[in-house]
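Presented below is the structure to which this report refers.
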Amino acid sequence: MRILVIEDQKKIAGFIEQGLKENGFAVDVVHTGEEGYLNATTESYDAMVLDVMLPGRDGLSILRALRGKGLTLPVLVLTARSELNERVEGLNAGADDYLTKPFYVEELVARLHALLRRTGGTPASILKNGPLSMNLLTREVKRGADALELSSREFALLEYFMRAPSRVLTRSQIGQHVWNLHFDTGTNMVDVAIGRLRRKIEEPNGPHLIETVRGAGYRFRGGER
């Protein structure tokens, strides 16, 4: 899941970025409202964490502008105050949820998972396809009854594939969503990572769960045969 964080306080932004990355999210962080609005309208994200109090263009004006353009990106608003009127104003402006500072990163992660479930961004806390299952909360992965040990990057890569079964994903899409980087055609980073993941999730001499689509990218087939 790719998250846009708009937070002007760099210490808080760094805390959020580290916590989300440790929980398998890809994260873009910007510190001004203008940058945030530009990213939200030109890039693809699964959700946004938006601070209300921003210099220049404030969070609520960004939110109203996005909703006015018809963008349904799920938005969790951060506020430094807990007064009812500010919470109501944020929700009326189009926020899907809010969180009052200070907060624990575990609560932020839980709220994002819940928000994405409610808005259809994530169907459940457990993904299943063919012999594989992933628990997004405990970060456990199993092939049948066997537990698999995946790195955080491998977990994010497998999650991205399992959320889009049978869909061809290009190397550029994979690089952007999993590494949060624009794909460099001069590197085989994506191919190497997929090779490592295949060795962990597939049975020896068994069929590929992740198929190579020549000239296009990769496709997760899971239980489809």
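Among 126-139, 197-210, what's the highest-first ranking by average C-beta atoms within 10 angstrom per residue? Write down the numbers at each step before the final one.
Numbers: 126-139: 16.0, 197-210: 13.8.
So the order, starting with the most tightly packed, is 126-139, 197-210.
Per 0.36 nm of contour for each residue apart, how much would the distance between VAL213 and THR170 grow if the chain were fully extended, relative to their Cα-Cα spacing? Don't skip to the answer; put the middle values down first.
Numbers: separation 43, 0.36 × 43 = 15.48 nm, distance 0.92 nm.
Additional length available on full extension: 14.6 nm.
By a straight-distance test (C-alpha under 27 Å), which lysines pair with LYS128 as possible cross-link partners, with residues fewer than eight away in the same chain excluded?
Cα-Cα hits under 27 Å: LYS21, LYS142, LYS200.
Quick one: helix 152-162 against the long Cα principal axis of the chain, what's the angle to the nearest 10°, folded into 0 to 90?
Once rounded, one gets 80 degrees.
Relative to the Cα centre, what is the charge dipole magnitude of the chain, using +1 at the beta carbon of each Lys and Arg, -1 at the beta carbon of each Asp and Glu, and rounding to the nearest 20 debye? Mind dumping the intermediate values first?
Details: 30 positive and 29 negative charges, 157 e Å.
Magnitude of the dipole: close to 760 debye.
With everything on Cα atoms, drop me the angle between helix 10-22 and the longest principal axis of the chain, reported from 0 to 90° to the nearest 10.
Approximately 30 degrees, to the nearest 10.
Averaged over all directions, how much area does the convex hull of the C-alpha atoms of the chain cover when projected, in nm²?
Values: hull surface 52.8 nm².
Seen from a random direction, the Cα hull of the chain projects 13.2 nm² on average.
For PHE15, tell me the accessible area in Å² from a 1.4 Å probe, rounded to the nearest 10.
It works out to around 90 Å².
Looking only at Cα atoms, what is the convex hull volume of the stretch 130-206 per residue, in Å³? Display every interim value, and only then the final one.
Working: hull volume 7.8 nm³, N = 77.
Output value, Cα hull per residue: 102 Å³.
Non-local amide H neighbours of GLY130 (under 5 Å, H modeled in plane, Pro and chain starts lacking H): which ones?
Counting only residues 5 or more places away or on other chains, the set is GLY223.
Within the chain, what whole-number % of the accessible surface is contributed by carbon and sulfur, with the 1.4 Å probe and all protein chains included in the calculation? It would help to have the intermediate numbers written out before the result.
Numbers: 5580 of 11280 Å².
The C+S portion of the solvent-accessible surface of the chain is 49 percent.
Can you say what percent of the DSSP beta bridges in the chain, counting only those with both residues inside, are antiparallel? Round to 5. Display every interim value, and only then the final one.
Working: 17 of 34 bridges.
Within the chain, antiparallel bridges account for around 50 percent of the total.
Which residue, VAL75, VAL52, VAL168, tops the fluctuation ranking in a GNM of the chain built on C-alpha contacts under 10 Å?
Fluctuation is largest for VAL168.
So if the hydrodynamic radius of the stretch 1-121 is defined as the Kirkwood radius over C-alpha pairs, what does Stokes-Einstein give as its diffusion coefficient at 20 °C and 1.002 mPa s, in µm² per second? Each step should come with its number before you reach the end.
Numbers: Rh = 14.0 Å.
D, rounded to a whole number, is 153 µm²/s.
Charges on Cβ only, +1 for Lys and Arg, -1 for Asp and Glu, centred on the Cα centroid of the chain; of PHE161, TYR45, VAL27, which one is farthest towards the dipole's positive end?
Toward the positive end, the furthest listed residue is PHE161.
Distance in nm between label sites at ALA110 and ARG196, each 7 Å beyond Cα in the beta-carbon direction?
That separation, rounded to one decimal, is 3.2 nm.
Tell me the per residue accessible area of the stretch 19-161 using a 1.4 Å probe; a whole number in Å² is fine.
Values: 6780 Å² over 143 residues.
With the other protein chains kept in place, the stretch 19-161 gives 47 Å² per residue.
Quick one: angle between helix 189-201 and the longest Cα principal axis of the chain, in degrees between 0 and 90, rounded to 10, please.
60 degrees
The values are calculated or read from the model by the stated rules, or taken from the named source; none is laboratory data. Note that the coordinates shown come from a computational prediction; the quantities given were computed from them, not determined experimentally. Neighbour counts run over all protein chains shown; Cβ positions are idealised from the backbone, glycine included. When the accessible area is computed, the model is the full protein with side chains, heavy atoms only, and any ligands, DNA or RNA have been set aside. Shrake-Rupley method; radii C 1.70, N 1.55, O 1.52, S 1.80 Å.
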